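The values are calculated or read from the model by the stated rules, or taken from the named source; none is laboratory data. Only a predicted model underlies this, so the values are computations on that prediction, with no experimental measurement involved. Note that we place each Cβ from the backbone using ideal geometry, even for glycine, and neighbour counts take in every protein chain shown. These accessible areas exclude ligands, DNA and RNA; they are computed on the full protein's heavy atoms, side chains included. Shrake-Rupley method; radii C 1.70, N 1.55, O 1.52, S 1.80 Å.
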Amino acid sequence: MTKQQRWNELADVKDELAARNWFPGTSGNVSIKVSDSPLAFYVSASGKEKTKRTSEDFLLVDGYGKPVEETHLNASAETGIHCEVYRLTDAGCCLHVHTVDNNLISEIYGDEGEITFQGQELIKAFGIWEEDGKITVPIVENYADLTKLSEAVGAVIKPETKAVLIRNHGITVWGRNAFEAKKHLEAFEFLFSYQIKLQTLTFLNKNNSFGGVKNGTTTIS
């Protein structure tokens with residue numbers, strides 16, 4: 001694809017996520033890879049209103065997050081996280097959003113450092129079809145030092161990792177292209193919402209048929 005096609009692909013994803021109010025208060029950021037060698041990707045410009053589409057929504061940066069073209073725009077403050085994702089995975093697109101559900105999940109399971117989902121249909125979105133398949137999302141602390149935060153995210157990425165939660169901050173999720181990254185994000189947000197509702201119902205009625213919940217796995221009693 002041309003650079004303009006990549007730009008349009010990223011803008012389309014941004015528009016879809018903005019319509020769901022997943023970028024409250026200009027928060028969040030998105031990126032898409034333009035080239036592998038040298039690494040270059042479009043990333044959100046800092047402080048832009050993401051419910052609108054403009055010619056200044058993104059800028060092209062290198063593997064260190066530095067602009068590769070003349071621009072007055074500043075890259076998102078969290079561009080370093082995107083650099084880590086592209087360095088450590090085969091990602092072609094990376095999405096970072098702030099939702100109430102992913103913030104709640106990151107706080108509920110923050111002390112455990114991860115949340116694992118098993119026995120739930122939506123994990124098939126990650127190519128996991130085994131009957132006992134599971135997927136784990138690491139959770140890192142929300143360091144104010146963004147270099148430290150980027151390093152913390154990079155430290156928990158394994159070959160099978162599809163996303164990282166930042167405690168009381170948001171989720172960073174990726175895929176081989178924009179379609180797959182959005183699919184992964186939608187699946188995780190569904191699982192987070194389900195988990196919160198299930199825990200709430202279990203708490204309100206300890207004798208109901210759900211039995212209990214342990215780190216993303218429903219147990220039937």
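Numbers below:
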| quantity | calculated |
| --- | --- |
| Among residues of the stretch 91-148, those that are out of contact with any Phe, Trp or Tyr (no Cβ under 8 Å at 6 or more places or on another chain), over 27 Å from Asp12 (Cα atoms) and of a type in the set (Lys, Arg), counted | 1 |
| Pairs, first aliphatic (A, V, I, L, M) in the stretch 111-123, second open to solvent by 20 Å² or more (accessible area, probe 1.4 Å) and assigned to a loop (DSSP other than H, G, I, E, B), C-beta under 8 Å, six or more apart | Ile115/Asn215 |
| Matching residues, the stretch 128-142, being in a loop (DSSP other than H, G, I, E, B) and among the aliphatic types (A, V, I, L, M) | Ile128 |
| One residue from Lys162, Lys158 being open to solvent by 70 Å² or more (accessible area, probe 1.4 Å) and either more than 18 Å from Leu39 (Cβ to Cβ) or modelled with pLDDT under 95 (or both) | Lys158 |
| Output for the stretch 184-204, where each listed residue is crowded, with 16+ Cβ neighbours inside 10 Å and of a type in the set (D, E, K, R) | Glu186, Glu189 |
| Spans of helices (runs of 4 or more DSSP H) in the stretch 1-109 with at least 1 residues under 19 Å from the mean Cα position of the chain (by Cα) and over 24 Å from Ile166 (Cα atoms) | 3-19 |
| Residue within the stretch 122-135 that is at positive phi and open to solvent by less than 80 Å² (accessible area, probe 1.4 Å) present | yes |
| Options Tyr143, Tyr109; residue that is more than 25 Å from Ala19 (Cα to Cα) and open to solvent by less than 40 Å² (accessible area, probe 1.4 Å) | Tyr109 |
| Tabulated pairs, the stretch 137-161, first on the phi > 0 side of the Ramachandran plot, second crowded, with 16+ Cβ neighbours inside 10 Å and of a type outside the set (A, V, I, L, M), C-beta under 9 angstrom, 6+ apart or interchain | none |
| Qualifying residue in the stretch 124-131 (condition: under 19 Å from Val153 (Cβ atoms) and not aromatic (Phe, Trp, Tyr)) | no |
| Any hit, the stretch 165-176, residues being in contact (Cβ under 8 Å) with a residue 60 or more places away in the chain, in contact with a Pro (Cβ under 9 Å, 6 or more places away or on another chain) and in a strand (DSSP E or B) | yes |
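The rows are residues; the columns are (1) free of Cβ contacts under 8 Å to residues at least 12 places away in the same chain; (2) open to solvent by 60 Å² or more (accessible area, probe 1.4 Å); (3) in contact with a Ser or Thr (Cβ under 7 Å, 6 or more places away or on another chain); (4) among the acidic types (Asp, Glu).
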site	(1), (2), (3), (4)
Lys3	no, yes, no, no
Glu49	no, yes, yes, yes
Arg53	no, yes, no, no
Val61	no, no, yes, no
Thr71	no, no, no, no
Ile81	no, no, yes, no
Tyr86	no, no, no, no
Asp90	no, yes, no, yes
